[in-house]
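Structure record follows, encoded as structure tokens.
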Amino acid sequence: MTHINTPPRMGRRSFLRMTGQGAALLTAGSAVPWLSGCGTGSADGGSGGGRLTVKLAWIPNAEYAGIFVGAQDGLYGKQGLNVDILPGGPNSAVVPMVTTNRVNIGVEAIPENVATAVARGAKLKIVGAGLRKSPESWISLADRPVKHPKDIEGKKLGITLAGKNTALVFMKRNGVDVGKVKLVPIQFDPAPLAAREVDAIWGFASNQPVSLELRGIKTYVMPLADFGFNRMQSVFFVSEKTLSDRAARERARKFMAGSRQGWEAALRDQRHATDVIMEKYGAKLGLKPNEQAKSLAAIAPYVGAGGGSKASAAPGSEGLFWMSDALIEETITSLTSIGIKLDRSLFTNELLGG
Amino acid sequence: MTATARPFARPLAARLRDLVPPLLTVLVLAVAWQVMATGAFGSLVPKPAEVLGQMRDDADYYGPNVSVTMASALQGYLWGNGIAIALALCTLPFPRVQALFERVAVGAIALPLIAVAPLLAIAFRGSMPSVILAAQAVVFTTLVAAILGLTGVDRTSVDVVRASGGSEWTVIRRVRLPAAIPSLVAGLQVAAPGAILGAIIGEYMGGSEGLGVAMVQAQGAFDIPRAWGLAIVTSLLAAAAFLALPLVVRTALPWTRSMDTVLGARAARLGRRDTRPLARVRRAVLSVAATVGGVVLGWWLLVLVVPGGSAVARGPWEVGRYFLNGDTQLVTASGEAEDPLPYMLSSLLRTIGDAGVGFLVGLVLAVAMAVVAHEFPVIERVLMPISIALRSIPIVAAMPLLALMFGRGIAAVTVLIAVMTFFPILVNVLLAMRAVPRSAGDLLNAVGAKRRHHITKLLIPYALPALLASVKIALPLSIGAAMVAEWLATGYGLGASMTVAATLSDYDFVWGGVAIVLLASLMAYRLAGALEDAAIGRLE
């Protein structure tokens, strides 16, 4: 094992741990000790009082601006909290990382993944909504718009496989003859739409339309929320154990408070937030500042959108991330409609209290 | 490769002449690219100049990402090969155990990523998942190559060492290891691009740098010139690794002779075998039972040993119970929940159908190309850069273009699988055809045989064992490739339904799928092995 392998954020301890794993790999037969050795994971490992690890669902970008600002501006540090951010990716598994206590907090793009895990016996709670209005939309080309769910009949819709169930149920509820729609998996890539291979794709209003527009392709965006399928997204969730353990709960509360301040700062000063993202990840990922700025501007309304106008009028306990009764009801209705069993006990605002 | 076996010994002019065909290929490809960029695929195919410009702008950002990915790939390469070679050495005195390990190792390449990913994510941090996937990608091919090299030695050399009082260790050191080098190098060479792709796929599980992460960013942001630039860099790295390996070995071990070895070929028979039907049936049953037992044991240990593994993995017993009386929450083709077993079997049949068609096309193309390349050496030099590049392009980056060009049905799947299997088959078959004794060819010429007879009576029969050996490797590969295509392009079959199940935390279904895929891959391998036995038996 050489030093070039050590990721930048990795401390001496974790480096030693990894080196240890490597050394133990030499003796292929004795796999047991090294695996259980690393099993203690850094979720509870880091000790030192205030250390917390958060796992994101996707690669670092404007979608997580508030968290990056929180880290960069010392909004966590001020509370004595040291936050490790683990980025995600297309094959990223967030829920299992939380259920097995490898990380303290997870961020999932869609609440369905948390709810189904809970329905299967996982002990998790959603503790905040990063997006309080769903940016999920069907995105079509402006010259051949799909303005109504019915418009998709006889056409081709690009989806992610993770969203297949949702797509089927959404169409059925809106009276679409599912048999007349061709569903193809496109994962996260807007290319098939640009190439007119598909007529619409399932995406985020804050995401694909922005990158397509930057390349001169005009799109029409049909938010699912306008057709009876609204729900919170980009949800923060923790294991029930975290909530029942006093110290762990306090760390999680501090994280939520810091992230909230981070997002408030990011919404207030979007240029600063863009700079933070560019500084931390721009060079490595080759991010482009104008793209990140546009993306942030596009997602901002969904972060700020409250459960009604009341939330924005009265900050404090009902500020960002707060899940109003109305939002919870809407989420439950939407998820129930796609066959997921859940109830109000999945959600708690207790970490967001004043 | 006999022609280029000793490039240093040949005059400069001849070596330069050898370079012309591959360079011409590159030129033709560049022109074809330019045409495509201005044609119907223009929205997905950027112009070469645009990509080159982007690559120049991106020069700074390749450095750190390449070094992260290559560090993971190199570590995985070393671990995977180390483990494979160690296994081959340790089991040397026990041929039956060795054969069992080889079959169980098929499981390593057949293990679907969608099931392994969460397991790796909860067990490891940092670049470790990438390292492990890189290792996983190389362990099978290297094990096969090492076993072939170590066991296929000249028996008299072994006897000489033994007779002069040498221990088994001396035999290994003095005879087996040196004899194994050519085969091993062939295995290590094929493994090199595999390790790089494995590391990139590992980066898809989450990371803040590396070629895989950069690729995801570029694709998500619809930055096509950059995505192409990254694909080119990746392919160049893989090709460089492939081409540099023999040079490295030749520099480090200058006494090594030729590198021409057929990968996956069967070594000398293990003594005389009882050929009565009853004994053969018994042998087959025993070996199937041992293989299945080995795989189940490995599987069970994997789930047991990984901390927290029970959260995302299911052992053999749980899967058995699930098949008997579980239900799946997946919205299936009919739109209603079904029993898991019939749904899974129908998905599997689709996957096998996909894999079978793609495999056959790849096989026919590869054999045809091998014949052509053998008859016209210039074709080989034209083809080689293409087939190396095909083997090294990251599928995930290429899939949107493949889908646009070939649709999202069986055609796209077939192309993908053919691309994945074409290269190993071509290399193997070509090497075997080269080994045809000159005297046999002269004999045919003397009786005035036509080129057609030359091919049908000599080349094909002579290359048959090599062909069957590569079938053994290519069949499980095809199943894996079919599942990737289903996940990324078609949206049906086991590859797609397992992906959906994983996002719904339906790990019963995911690991049920693992069991079924493993079983199918082992059966494919077994089938290819039986074919090989029958063919070799006839030739002997």
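Summary table below
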| item | result |
| --- | --- |
| Single condition A:ALA119 does not satisfy, out of (1) within 11 Å of chain B (Cβ to nearest Cβ); (2) crowded, with 24+ Cβ neighbours inside 10 Å | (2) |
| Helices (runs of 4 or more DSSP H) wholly inside segment B:434-519 containing at least 3 residues that are of a type in the set (A, V, I, L, M, F, W, C) and modelled with pLDDT under 80 | B:460-485 |
| Those residues of segment B:179-189 which are surrounded by fewer than 24 Cβ atoms within 10 Å (Cβ to Cβ) and either among the hydrophobic types (A, V, I, L, M, F, W, C) or at pLDDT below 80 (or both), in sequence order | B:ALA179, B:ILE181, B:PRO182, B:VAL185 |
| Failed item, numbered, when A:LYS125 is tested on (1) under 25 Å from A:GLY304 (Cα atoms); (2) part of a helix (DSSP H, G or I); (3) assigned by TED's automatic domain parsing to the domain that holds A:ALA93 | (2) |
| Residue in segment A:268-278 that is out of contact with any Phe, Trp or Tyr (no Cβ under 7 Å at 6 or more places or on another chain) and within 13 Å of chain B (Cβ to nearest Cβ) present | yes |
| Condition check for B:MET55: crowded, with 17+ Cβ neighbours inside 10 Å and within 30 Å of A:ALA194 (Cβ to Cβ) | yes |
| Selection count where residues are touching a strand residue (DSSP E or B) at 6+ places or on another chain (Cβ under 9 Å), assigned to a loop (DSSP other than H, G, I, E, B) and either more than 20 Å from A:GLU250 (Cα to Cα) or not assigned by TED's automatic domain parsing to the domain that holds A:TYR281 (or both), scope segment A:71-92 | 3 |
| Exclusive hit being at negative phi, touching a helix residue (DSSP H, G or I) at 6+ places or on another chain (Cβ under 6 Å) and at the interface with chain A (Cβ under 10 Å from one of its Cβ atoms), set B:GLY495, B:GLY512 | B:GLY495 |
| Leading residue by the ranking (surrounded by the most Cβ atoms within 10 Å (Cβ to Cβ)) among those in segment A:307-354 that are modelled with pLDDT of 90 or more and part of a loop (DSSP other than H, G, I, E, B) | A:LEU320 |
| Test: residue in segment B:417-428 that is over 15 Å from the mean Cα position of the chain (by Cα) and either at pLDDT 75 or above or surrounded by fewer than 23 Cβ atoms within 10 Å (Cβ to Cβ) (or both) | no |
| Leading residue by the ranking (nearest to B:GLY63 (Cα to Cα)) among those in segment B:205-214 that are at the interface with another protein chain (Cβ under 7 Å from one of its Cβ atoms) and in a helix (DSSP H, G or I) | B:ALA214 |
| A:VAL184 outside the structural domain of A:LEU335 (by TED's automatic domain parsing), over 25 Å from A:PRO301 (Cβ atoms) and in contact with a strand residue (DSSP E or B) (Cβ under 6 Å, 6 or more places away or on another chain) | yes |
| Answer residue from segment B:403-424, given it is among the β-branched types (Val, Ile, Thr) and in contact with a Gly (Cβ under 7 Å, 6 or more places away or on another chain) and is nearest to B:ALA145 (Cα to Cα) among those | B:THR421 |
| Failed criterion for A:ALA283 (all others in (1) touching a residue at least 12 places away in the same chain (Cβ under 8 Å); (2) aliphatic (A, V, I, L, M); (3) under 30 Å from B:PRO225 (Cα atoms) hold) | (1) |
| Candidate set: segment A:96-116, residues that are in a helix (DSSP H, G or I) and hydroxyl-bearing (Ser, Thr, Tyr); chosen: the one surrounded by the fewest Cβ atoms within 10 Å (Cβ to Cβ) | A:THR116 |
| Checklist (1) of a type outside the set (Asp, Glu); (2) touching an Asp or Glu at 6+ places or on another chain (Cβ under 7 Å); (3) buried (at least 24 other Cβ atoms within 10 Å of the Cβ) applied to B:THR499, failing item | (2) |
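Every residue, every condition in (1) within 14 Å of chain A (Cβ to nearest Cβ); (2) touching a Lys or Arg at 6+ places or on another chain (Cβ under 6 Å); (3) without any contact (Cβ under 8 Å) to a residue 40 or more places away in the chain, yes or no:
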{"residue": "B:ALA179", "(1), (2), (3)": "no, no, yes"}
{"residue": "B:ALA191", "(1), (2), (3)": "no, no, no"}
{"residue": "B:GLU203", "(1), (2), (3)": "yes, no, no"}
{"residue": "B:VAL216", "(1), (2), (3)": "yes, no, yes"}
{"residue": "B:GLY220", "(1), (2), (3)": "yes, no, yes"}
{"residue": "B:TRP228", "(1), (2), (3)": "yes, no, no"}
{"residue": "B:LEU243", "(1), (2), (3)": "no, no, no"}
{"residue": "B:VAL248", "(1), (2), (3)": "no, no, yes"}
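This table checks each residue for (1) over 30 Å from B:TRP228 (Cβ atoms); (2) more than 11 Å from every other protein chain (Cβ to nearest Cβ); (3) surrounded by fewer than 20 Cβ atoms within 10 Å (Cβ to Cβ); (4) among the hydrophobic types (A, V, I, L, M, F, W, C).
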| position | (1), (2), (3), (4) |
| --- | --- |
| A:LYS172 | yes, no, yes, no |
| A:GLY175 | yes, yes, yes, no |
| A:ILE186 | no, no, no, yes |
| A:ASP189 | no, no, no, no |
| A:VAL198 | no, no, no, yes |
| A:ALA205 | no, yes, no, yes |
| A:ILE217 | no, no, yes, yes |
| A:LEU224 | yes, yes, no, yes |
| A:ALA248 | yes, yes, yes, yes |
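The values are calculated or read from the model by the stated rules, or taken from the named source; none is laboratory data. Note that the structure is a prediction, hence the values are computed from the model and not measured. A quick note on method: Cβ atoms are made from the backbone with ideal geometry, for glycine too, and the neighbour counts reach across all protein chains shown.
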